[in-house]
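What follows is a set of notes on a single structure, which appears directly below.
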Amino acid sequence: MDRAHGGAPCSSDPYWHHGLAPFPTAASELPANVDVAIVGAGFCGLSAALALARQGANVVVLEAQGSIAAEASGRNGGHVNNGLAVDYATLAARVGADQAREWYHAYDAGVDAVEALIRDEGIDCGFVRHGKLKLASRPEHYDMLARSCEQLVRSGVDPDVELLSASRVRQEVASDRYAGGLLYRKSGQMHMGRFAHGLAQAAARQGAQIHLRTAVEKIERIGHTHGHLLYTARGTVQASQVLLATGTTQHGGYRSFGWIRRRIVPIGSFVIATELLGRARAQALLSERRTYVTTANLHNYFRLTPDDRLLFGGRARFTASPPQSDTRSGEILRATMLEAFPQLADVAITHCWGGLVDMTQDRLPHAGERDGLYYAMGFSGHGTQMAVLMGQRMARVMAGDILANPWRTRDWPAIPGHLGPPWFLPAVGLYFKLKDLVS
């Protein structure tokens, strides 16, 4: 898409990539043997590499693309949120209060893990905890938020949440579109690109090797006790243990790994960034500078950047994320942004990008071991904090602490009819659009 009111076309690179020098890949050849091979250099893979290297393991990270955090970890909206991707009261009714409590607190632990890494490794990425405000797109959604708030507070799961009326929301969000909101005070935000580089540098300092442009084409098990062989175009690596931290990657031979492919749906998520608004205008728009997410099925999420841009994202279209789709989705997002904030009609869009979310059927993560391969994925759009946490937790699991995995008890059935490319996404998008219209 073009900048508003003409001018140069906006960049298709994420805002988080701007001004970052390329991460230096390992110059050496691939190691012949390692203790652990990690497939994927996103937040989960890098976090696991750091934790395992700290334990003294010989670790190699194999990344298909030419940069770290090239997929969802570096193509999102910059939120580090606690709270589940699904309604807490609904989940508690389905799986029981104790299980829902454990999973809810796992997201709290994820935000804490991000903050601790930033502090311990001295990562300069602008991390702040200003909270998350979940905005009711309709009055009946406010009632749902009220039920969740009451249950979270009454049960002691999260006494820090607070229900805000529509008038309270308007005091900090310059829009008449929302019927109230639920404030989660533990949530944060940061610069995703600088965090990724800091995390990778920390892992490398501990001795982990990170190899870019090294797509894993095949993984072959060696008996039941001798690990796996990982085949790449640059050579073969034998690893005693393997962690799959690939998310919904479309690169390398692992796109043919049918067991995971049938359980994850790659859905495009898209973000636009405005030109610099200036401090006064940015503060007038979102005075508390929190992260914001709406309750609609086709929801939106937004926040301000430290240099006073508005980042505005969402599932603009139920599709993958090629450049032409990013452009069309950017146009949809700008129109949606102006519905919420018509006062930005004169503001140009400087960045428009997309990425793939590894969505599961119930929008909850999955992690464990199958056929000798460890995996952590399916973060369903809430992966920043959970991916970091699960990298650390899977390092403990691989060292023998099975109870470290909060998702260990979950079954992972295949999605009916999902055998390859998600042909059903347009129908799903239409269903959610109609649901938002009639709800």
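The values are calculated or read from the model by the stated rules, or taken from the named source; none is laboratory data. Fair warning: this is a prediction, and the values are worked out from it, not measured in the lab. For neighbour counting, all protein chains shown are included, and Cβ atoms are generated from backbone atoms with ideal geometry for every residue, glycine included.
Scanning region 31-45 for residues that are of a type outside the set (A, V, I, L, M, F, W, C) and either in a helix (DSSP H, G or I) or surrounded by fewer than 22 Cβ atoms within 10 Å (Cβ to Cβ) (or both) yields Pro31, Asn33, Asp35, Gly45. Taking the listed residues Val80, Val60, the one that is at pLDDT 95 or above, touching a Pro at 6+ places or on another chain (Cβ under 8 Å) and surrounded by 22 or more Cβ atoms within 10 Å (Cβ to Cβ) is Val60, with no other qualifying. Can you find a residue in region 122-142 that is out of contact with any Ser or Thr (no Cβ under 7 Å at 6 or more places or on another chain), within 27 Å of Gln209 (Cβ to Cβ), part of a helix (DSSP H, G or I) and among the hydrophobic types (A, V, I, L, M, F, W, C)? Checked region 122-142: no residue is out of contact with any Ser or Thr (no Cβ under 7 Å at 6 or more places or on another chain), within 27 Å of Gln209 (Cβ to Cβ), part of a helix (DSSP H, G or I) and among the hydrophobic types (A, V, I, L, M, F, W, C). The condition of being at pLDDT 85 or above, part of a helix (DSSP H, G or I) and not β-branched (Val, Ile, Thr) holds for only one of Arg281, Arg263, that being Arg281.
Scanning region 143-166 for residues that are out of contact with any strand residue (DSSP E or B) (no Cβ under 9 Å at 6 or more places or on another chain) and of a type in the set (Val, Ile, Thr) yields a single hit, Val157.
In the set Ala196, Ala146, only one residue is of a type in the set (A, V, I, L, M, F, W, C) and over 27 Å from Asp308 (Cβ atoms); that residue is Ala146. Selection within region 1-22: residues that are at pLDDT 85 or above and not in a loop (DSSP other than H, G, I, E, B). The member of this set that is surrounded by the most Cβ atoms within 10 Å (Cβ to Cβ) is Trp16. Taken as a whole, the condition of being assigned to a loop (DSSP other than H, G, I, E, B) and within 30 Å of Leu20 (Cα to Cα) does not apply to Asp108. Scoring Ala48 on the criteria (1) in contact with a Ser or Thr (Cβ under 7 Å, 6 or more places away or on another chain); (2) crowded, with 22+ Cβ neighbours inside 10 Å leaves a single failure, condition (1).
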